[in-house]
Amino acid sequence: MKDFLTAEEVRHLKEGHHSPWYRKNADRIKAILLLNKGFTYAQVAEMLLLDETTIRRYFKMFQKQGIDGLLEDHYHGSAGFLSLDEEARLTIHLRKHTYQTVKEVVAYVAEEYKKYYSIEGMTHLLHRLNFVYRKTKVIPGKVNREKQEVFKQTYYELKHNKRPEDKIYFVDATHPQHSNMPFYGWIYKGETKAIKTNSGRTRLNLNGALNLEDMAITILSEKTINRHAMMRLILTLEEKQPTGEIFLVVDNASYNHSYELQLFLADYPRVHLKYLPAYSPNLNIIERLWKFFHTRHHDKYFEKFKEFETEVLSFFQNIHHYDQELKTLLTDSFQTLPA
């Protein structure tokens, strides 16, 4: 007596064994699974510290009533579960339609497939189908996928054809606040985690440029981000890079298109602005650096704004401490947002 269970029945029994709802029936499940592996009644009885008569009774129960009868409390057996084809169709459906609760998925499966799951059973199924419960991501409604693809192609051509002394920089600004904000984290049950914060919303205005080739990061703290801030950043990059062309990937902020900035650039022929498509922050690699910074700088308290500014600038001055993490994060493998 061996291999009498189908692969689907083995899977359902294992799911039942891991469920706290059916813990009292764990011995029955293990008995059937062990018999399926070819162990004798006597061997299974010895392993489970039960008598041989009980093991035989479990097997007869399974033969007559299937998994439902074995578990008594109507754990859905093979006839009550989705087939592999139905699971595949459900996966396709759930990747196109997002449900906010497991209860809604249970209702959909009941209506569409006439299969009835408990909330817990459906939760197990969703995890097994590689679904996780997480917050949706907001993307711009006016994104143009075709323009994003054109930008990517143009960028890769520029990267391939430029000379070794030429540099490409991804440019953008970020505005960390002096006051700490509440955030999600793992906190011991029953306890409250408090963080200090400041009154007001004073913030830093950081203008930055990131070169992926050598992971060089240039950060300037400004009173405000405008055309003059861009001019100062360009002058800083010009000084740091005395030879070669300077290509700046920038967004469509009005100051990047301003007449004054274009007039200024006429005196710096080595500098070229490459504009991102509208609503495409996903194509600006420095955005990943800003996100990395914010996730590691959300719970420190600084009484004075100057202390806060010094700490933030020190983070970027010593960014090499995070080289291992940034190595895989800061790459030009762009994500294209759906249209």
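The values are calculated or read from the model by the stated rules, or taken from the named source; none is laboratory data. Predicted, not measured: the structure shown is a model, and the values here were computed from it. No Cβ is skipped: glycine too gets one built from the backbone with ideal geometry, and neighbour counts run over all protein chains shown. Each accessible area value is taken on the protein alone, full model and side chains, heavy atoms only, with ligands, DNA and RNA left out. Shrake-Rupley method; radii C 1.70, N 1.55, O 1.52, S 1.80 Å.
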Check on residue 286, of a type in the set (Val, Ile, Thr) and closer than 15 Å to residue 174 by Cα: yes
Cβ contacts < 8 Å: first residue within 13 Å of residue 67 (Cβ to Cβ), restricted to segment 24-39; second residue open to solvent by less than 20 Å² (accessible area, probe 1.4 Å) and among the basic types (Lys, Arg), any location; separation 6+ or different chain. Result? none
Before we move on, is residue 28 under 28 Å from residue 83 (Cα atoms), under 35 Å from the mean Cα position of the chain (by Cα) and of a type in the set (D, E, K, R)? no
Within segment 89-125, can you find the residues that are more than 22 Å from residue 68 (Cα to Cα), of a type outside the set (Lys, Arg) and exposed (fewer than 12 other Cβ atoms within 10 Å of the Cβ)? 92, 97, 98, 100, 101
Inside segment 183-237, the number of residues satisfying the requirement of being at pLDDT 90 or above, β-branched (Val, Ile, Thr) and over 30 Å from residue 331 (Cβ atoms) is 1
Within segment 1-54, of all residues that are at pLDDT below 90 and aromatic (Phe, Trp, Tyr), the one least open to solvent (accessible area, probe 1.4 Å) is 22
If I go through segment 58-68 residue by residue, how many of them are surrounded by 14 or more Cβ atoms within 10 Å (Cβ to Cβ) and either more than 18 Å from residue 18 (Cα to Cα) or at pLDDT 90 or above (or both)? 5
